[in-house]
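Undergrad: Below is a structure I'd like to ask you about.
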Amino acid sequence: MAVEILYRSTRDLETTFLDRKLADAHDQMLELAEVLTQVLVKHVPGLDENLAEEASIFMAKNRTVFAAAFKNNAAALADLDTPADSGE
């Protein structure tokens, strides 16, 4: 009998990972998305919480692109047009 170690995020109990680093990265992405959702709902009048959550997850998954754009490289946002990540 083989033994397999699985990792999962406490924020997403349905998704499991074979690699701890991937599980940690997923957990950090979800944590960032959670904070972004709170900020968007608080500061964007009339924004639905579900839509804010979807936008936050998208931004968290693509945080390196957004970080580059916020560092005076708006052209980095063009990378979002190429479907590198089909989503989860």
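Bear in mind that the values in this text are calculations on the coordinates, not laboratory data. None of these values were measured; they are calculated from a predicted model. Neighbour counts run over all protein chains shown; Cβ positions are idealised from the backbone, glycine included.
Undergrad: Out of the residues in segment 35-62 that are surrounded by 15 or more Cβ atoms within 10 Å (Cβ to Cβ) and not hydrophobic (A, V, I, L, M, F, W, C), state the one that is nearest to the chain's Cα centre (by Cα). Give the derivation first.
TA: So the first thing to find is which residues in segment 35-62 are surrounded by 15 or more Cβ atoms within 10 Å (Cβ to Cβ), and the list is 36-37, 40-41, 52-53, 55-62.
Keeping just the survivors that are not hydrophobic (A, V, I, L, M, F, W, C) gives 37, 53, 56, 61-62.
Working: THR37: 11, GLU53: 10, SER56: 7, LYS61: 3, ASN62: 7 Å.
Among those residues, the one meeting the criterion is LYS61.
Undergrad: Kindly indicate whether LEU80 is of a type in the set (A, V, I, L, M), in contact with a Ser or Thr (Cβ under 9 Å, 6 or more places away or on another chain), assigned to a helix (DSSP H, G or I) and surrounded by 14 or more Cβ atoms within 10 Å (Cβ to Cβ).
TA: Judged against the criteria, LEU80 is not a match.
Undergrad: Something else now. Which residues, taken from segment 1-24, are out of contact with any Leu (no Cβ under 8 Å at 6 or more places or on another chain) and either closer than 19 Å to LEU80 by Cβ or surrounded by fewer than 12 Cβ atoms within 10 Å (Cβ to Cβ) (or both)?
TA: Taking segment 1-24 first, the residues out of contact with any Leu (no Cβ under 8 Å at 6 or more places or on another chain) are 1-3, 8, 10, 13-15, 19-24.
MET1, ALA2, VAL3, THR10, LEU13, GLU14, ASP19, ARG20, LYS21 - these are the residues of segment 1-24 that are out of contact with any Leu (no Cβ under 8 Å at 6 or more places or on another chain) and either closer than 19 Å to LEU80 by Cβ or surrounded by fewer than 12 Cβ atoms within 10 Å (Cβ to Cβ) (or both).
Undergrad: Evaluate segment 20-39: report whether one residue or more is β-branched (Val, Ile, Thr) and in contact with a Ser or Thr (Cβ under 7 Å, 6 or more places away or on another chain). Spell out how you get there, then give the answer.
TA: Here is the first cut: in segment 20-39, the residues β-branched (Val, Ile, Thr) are 35, 37, 39.
If we keep only those that are in contact with a Ser or Thr (Cβ under 7 Å, 6 or more places away or on another chain) as well, we get 37.
Yes: one or more hits.
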